[in-house]
Amino acid sequence: MKVAFFDTKPYDKPGFDRYSQEAGIEIKYFETHLNEDTVSLAAGFDCVCVFVNDVVNAAVVDALYNEGVRMIALRCAGFNNVDTRACFGKIHVFRVPAYSPYAVAEHAMAMLLSINRRIHKAYNRTREFNFSLSGLTGFDLHGKTVGVIGTGKIGSIFADICKGFGMRVLAYDKFPNPNAGLTYVDLPQLFAESDVISLHCPLTEDTYHIINDQSVEQLKPGVIIVNTSRGALIDTESLINGIKVKIVGAACLDVYEEEGDLFYEDFSGHIVQDDKLVRLIAMPNVIVTSHQAFLTTEALDNIAHTTITNIRKFAAGEPSPDTEVCYHCDHQNHCKKQRHQKCF
């Protein structure tokens, strides 16, 4: 198998080099994103390996297929950037369902603690030998209510962390887990009662802009919103307006809906043209990190190992029902993965 690896970063290579050599897989690394302008780089490869900000729309899928690519290996859990409908019958799509749910859940809590106790402000002050406590007052998490939207592995682990702080946990999921030990409520109740809301759901048609003008009006005043999932779960303008009118007390964002051309790159010497992001970063009650919640040594190793395993098994003709993504998965009666076969 020859693999074209897009959006390469220095921390990607050690794990992928090690596991690909063991599996006899050839990788060529490209720093550029995969999109309609760069898809020609995939010519002559059997597989492309992509990340969250690569664009795999219908035009890219058709171009990949015409170039002979028969596999897309996502080195992440989310696959909203891949047109799975266009892929069906042409290119098999695989993902990494759970590289380290602890990494993401722990980062969400780290951001929540930082914004609540003003750690970022205190750090900057003390570096200038300013030891004043003015403006650094937070609140006890103990006894507060946290609303967790999305109760897969990451959301469930985050809920457990919150329970460890003595918080009351409310949960919402389109498909509630009866074994999660969580109190499921509808969104209006979660919005109305939560002191903290943390987003851990995938980006779908149902969850796109789940935080919008209408939902902001339902929020408990002063709520802290945490998003370590996908940027487009939040309508950025609605969030900014919510902060300005003091309904939203603070926001912790590891993702941003227009992050594709910004995150993972150094723009410290440039004027950033995204006015919404600039406004958010300038707000004293907002913390933005650049989609780094996954970034632990354990997660990177798991990502590399699972991705290479997906590629190796595909090359050997072995099914991977737990990691293959299929457009027809919504149609249970027609899903071949139910019979432990390939999607097509």
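The values are calculated or read from the model by the stated rules, or taken from the named source; none is laboratory data. Note that the coordinates shown come from a computational prediction; the quantities given were computed from them, not determined experimentally. Note that each Cβ is placed from the backbone with ideal geometry, even for glycine, and that neighbours are counted across all protein chains shown. For accessibility, only protein heavy atoms count, side chains too; no ligands or nucleic acids. Shrake-Rupley method; radii C 1.70, N 1.55, O 1.52, S 1.80 Å.
Taking the stretch 208-235 as the range and being assigned to a loop (DSSP other than H, G, I, E, B), free of Cβ contacts under 8 Å to residues at least 40 places away in the same chain and of a type outside the set (A, V, I, L, M) as the test, the residues that pass are Y208, H209, N212, K220, P221, G222, D235. The set of residues in the stretch 55-94 that are more than 17 Å from the chain's Cα centre (by Cα) and of a type in the set (V, I, T) comprises V60, V61, V69, I72, T84, I91, V93. Is it the case that some residue within the stretch 123-132 is part of a loop (DSSP other than H, G, I, E, B) and either crowded, with 16+ Cβ neighbours inside 10 Å or in contact with a His (Cβ under 9 Å, 6 or more places away or on another chain) (or both)? Looking through the stretch 123-132, none of the residues is part of a loop (DSSP other than H, G, I, E, B) and either crowded, with 16+ Cβ neighbours inside 10 Å or in contact with a His (Cβ under 9 Å, 6 or more places away or on another chain) (or both).
Matching residues to (1) touching a Cys at 6+ places or on another chain (Cβ under 9 Å); (2) buried (at least 20 other Cβ atoms within 10 Å of the Cβ); (3) outside any loop (DSSP other than H, G, I, E, B):
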| residue | (1), (2), (3) |
| --- | --- |
| S20 | no, yes, yes |
| E31 | no, no, no |
| D37 | no, no, no |
| S40 | no, no, yes |
| F45 | no, yes, no |
| V48 | no, yes, yes |
| I72 | yes, yes, yes |
| F79 | no, yes, no |
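Applying a threshold of 6 Å to beta carbon distances and a minimum spacing of six or more residues, or different chains, the list of pairs starting in the stretch 101-123 at a residue that is charged (D, E, K, R) and ending at one that is outside any helix (DSSP H, G or I) reads R117/G138; R118/L136.
Annotation note: of R85, R117, R95, the sole residue that is open to solvent by 20 Å² or more (accessible area, probe 1.4 Å), basic (K, R) and under 18 Å from I287 (Cβ atoms) is R117.
Would you say Y65 is in contact with a Ser or Thr (Cβ under 9 Å, 6 or more places away or on another chain) and either at pLDDT 95 or above or open to solvent by less than 10 Å² (accessible area, probe 1.4 Å) (or both)? No: the conditions fail for Y65.
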